[in-house]
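Participant: Got a structure here, written out as structure tokens. Questions coming.
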Amino acid sequence: MKILVVGGGGREHVLVRKLKESPRTEKIYCAPGNGGISKDAECVPISAMDLLGMVAFAKKHRVDLVVVAPDDPLAAGMVDALENAGIPAFGPRANAAEIESSKVFSKNLMKKYGIPTAEYEVFDRPDAALEYIRSRGRYPAVIKADGLALGKGVIIAADFKQAQAGIKTIMEDKVFGASGNRVVVEEFLTGPEVSVLAFTDGTCVKPMVSSKDHKRALDGDKGLNTGGMGTISPNPYYTPELAQQCMKTIFQPTVRAMAQEGRPFKGCLYFGLMLTPDGPKVIEYNSRFGDPEAQVVLPRLQTDLVDIMEAVAQEKLEQQPIEWSKQACACVVMASGGYPVAYQKGYEISGLNENGQVEGATVYHAGTVFQDGRFRTNGGRVLGVTSLGDHLTQALANAYQSVSKIHFEGAFYRHDIGK
Ligand code: AMP
Ligand code: GLY
């Protein structure tokens with residue numbers, strides 16, 4: 001098969017590597033890819049948001065399967081465009097991707113179908129939102145922009161003043177554009193967070209092994225929210241009993257709800273959960289593999305990913321067995337100084353071999369380019385240094401040992417992933 005992966009970060013790198021393991025894969029393209037991905041796939045200079053360009057390329061090169069990994073092209077309807085042109089694609093159509101691209105949609109869905117989540121109200125006027133927060137008088141108050149916001153559209157306001165500033169940023173200054181036309185104001189929940197990615201073909205849902213993200217930039221969960229600074233799998237808080245409970249109260253009800261709404265979800269559905277004192281609740285859905293969750297979950301997959309993706313496309317997931325390794329996996333993200341705010345690009349990365357790898361770990365490239373025989377930084381999150389181990393402690397030790405061999409100007413990473 002000829003396979004095209006859409007996107008160019010660490011998640012796409014692990015997808016490319018995993019798909020390449022399949023004996024069924026003859027050729028693998030990635031658009032646009034990055035420096036590290038270019039060692040594993042043919043990178044094609046088409047932007048991940050170029051729907052027509054992607055369809056034209058897939059047709060011309062007789063691609064058998066397109067894996068659309070990032071949220072933006074999914075929300076924009078890339079899978080619809082590919083399928084309408086007769087090209088098999090992995091990922092939800094736009095009407096199903098709305099489960100991530102509109103928080104108002106996903107909250108209303110959960111309310112309608114009784115799926116546990118934080119209590120909330122929706123507002124399209126700043127004064128009404130603030131009046132509600134003031135009259136409720138409970139802090140912290142959680143304010144979320146309705147639409148996609150690069151993972152930065154959530155404000156946890158400690159008092160009314162912070163709530164005012166948050167509402168202004170989202171609804172008046174419109175820093176996330178039209179994503180801030182409406183906001184969700186919701187109850188603050190507490191408890192450990194768990195990420196569960198699941199394959200679903202619209203009817204059957206098969207959760208993958210669990211993982212835990214570390215969203216804050218600095219050690220001790222300090223600093224700003226980022227796309228994710230490191231992950232571990234499995235998530236130690238997620239017991240088999242909780243997994244069973246989530247299957248019954250969250251995973252199956254969500255997939256059934258989407259089908260009933262006439263928006264069957266096919267692809268990878270990401271459940272961002274919080275294990276609250278009142279049981280597991282949904283914090284958010286994503287319509288795609290998490291990044292860097294995919295980097296610790298997919299290395300543990302023992303079944304051919306091409307077979308699974310085909311089973312999803314053909315709505316035969318029920319009959320497809322999926323096996324996982326018992327090993328643990330850890331990913332430590334090395335980022336550019338200043339991320340997630342402002343940072344420089346173009347620094348040379350030392351310590352990597354000619355394939356962009358280092359001994360003792362697998363390096364998934366997120367923001368790199370390969371130029372004149374050298375890898376250079378080209379983004380906020382630069383590398384995801386990942387290792388398997390018989391236990392989490394071992395996986396973490398391996399990953400950190402490999403991190404210590406890699407250098408670039410301004411590099412920083414968290415020292416407490418998995419702690
Ligand atoms: P989201 O983008 O919805 O995943 O939110 C980003 C982060 O904000 C989550 O990973 C949580 O740590 C936090 N968060 C979101 N909603 C809530 C909530 N209702 N209560 C407490 N923390 C929350
Ligand atoms: N790591 C969180 C996400 O992919 O949304």
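Participant: Over the stretch 105-252, with the other protein chains present, what is the accessible area per residue in square angstrom, probe 1.4 angstrom? Don't skip to the answer; put the middle values down first.
Facilitator: Numbers: 6920 Å² over 148 residues.
Accessible area per residue, the stretch 105-252: 47 Å².
Participant: Would you tally the net charge around S211, using a Cβ to Cβ cut-off of less than 12 Å, leaving S211 out, and scoring K and R as +1, D and E as -1? Could you put the intermediate results ahead of the total?
Facilitator: Values: positive: K212, R300; negative: E193, D213, D291, E293.
Net charge around S211: -2.
Participant: In addition: Quick one: order R62, R374, R11 from most to least accessible surface, probe 1.4 Å.
Facilitator: Values: R62 180, R374 105, R11 20 Å².
Result of the area sort, largest leading: R62, R374, R11.
Participant: Can you give the % of DSSP beta bridges in the chain that are antiparallel, to the nearest 5? Let's see the in-between values first.
Facilitator: Numbers: 61 of 76 bridges.
Roughly 80 percent of the beta bridges in the chain run antiparallel, per DSSP.
Participant: If we count every other residue with Cβ under 12 angstrom of G10's Cβ, Lys/Arg +1 and Asp/Glu -1, where does the sum land?
Facilitator: Values: positive: R11, R17, R381; negative: E12, D291, E293.
Neighbour charge sum, excluding G10 itself: 0.
Participant: Below 15 angstrom from the Cβ of V382, what's the summed charge of the other residues (Lys, Arg +1; Asp, Glu -1)?
Facilitator: Details: positive: R11, K345, R374, R376, R381, K405, R414; negative: E12, D291, E348, E409.
Cβ neighbours under 15 Å give a net charge of +3.
Participant: Calculate the spin-label point distance for K215 paired with Q314, positioning each point 7 Å from the Cα along the beta-carbon direction, and give it in nanometres.
Facilitator: Distance between label points: 3.8 nm.
Participant: Just by accessible area at a 1.4 angstrom probe, what is the order of D40, D173 from largest to smallest? Don't skip to the end; give the middle numbers.
Facilitator: On the way: D40 25, D173 85 Å².
Ranked from most to least accessible, the order is D173, D40.
Participant: Leaving out ligands, DNA and RNA, and with a 1.4 Å probe, what % of the accessible surface on the chain is carbon or sulfur?
Facilitator: Numbers: 8490 of 17430 Å².
Ligands and nucleic acids excluded, carbon and sulfur reach 49 percent.
Participant: Let me ask something additional. When all protein chains stay in place, what accessible area (Å², nearest 10, 1.4 Å probe) is found for K20?
Facilitator: So the heavy atoms of K20 present about 90 Å² to solvent.
Participant: For a 23 Å ceiling on Cα separation, which of these pairs sit above it: K144/K266; K18/K206; K103/K316?
Facilitator: On the way: K144/K266 26 Å; K18/K206 18 Å; K103/K316 30 Å.
Beyond 23 Å between Cα atoms: K144/K266; K103/K316.
Participant: If you filter the stretch 26-91 for GluC sites (Glu not before Pro), then keep DSSP loop positions with at most 15 other Cβ within 10 Å, what is left? List each step's numbers first, then the result.
Facilitator: Working: sites: E26, E42, E83; in loops: E26.
Qualifying residues, ordered by number: E26.
Participant: I've got another one for you. Non-local amide H neighbours of K266 (under 5 Å, H modeled in plane, Pro and chain starts lacking H): which ones?
Facilitator: Here R93 satisfy the definition.
Participant: Using θ = phi - 60° and the Karplus form 6.51 cos²θ - 1.76 cosθ + 1.60, what ³J(HN,Hα) does each residue of the stretch 408-419 get, whole Hz, x for Gly and Pro?
Facilitator: Whole-Hz 3J(HN,Hα) from phi for the stretch 408-419: 7, 3, x, 4, 9, 8, 7, 9, 10, 5, x, 6.
Participant: To continue, here is another question. Can you list which of the chymotrypsin sites (Phe, Trp or Tyr not before Pro) found in the stretch 174-262 are DSSP loop residues with at most 16 other C-beta atoms within 10 Å?
Facilitator: On the way: sites: F176, F188, F199, Y237, Y238, F251; in loops: F176, F188, Y237, Y238.
Loop-located and lightly packed - F188, Y237.
Participant: Between Q302 and K20, 0.36 nm times their residue separation minus their Cα-Cα distance comes to what? It would help to have the intermediate numbers written out before the result.
Facilitator: On the way: separation 282, 0.36 × 282 = 101.52 nm, distance 1.33 nm.
Residue separation times 0.36 nm, minus the Cα-Cα distance, leaves 100.2 nm.
The values are calculated or read from the model by the stated rules, or taken from the named source; none is laboratory data. In this text the structure is predicted, and so the values were computed from the model without any measurement. We place every Cβ from the backbone using ideal geometry, glycine too, and count neighbours over all the protein chains shown. When the accessible area is computed, the model is the full protein with side chains, heavy atoms only, and any ligands, DNA or RNA have been set aside. Shrake-Rupley method; radii C 1.70, N 1.55, O 1.52, S 1.80 Å.
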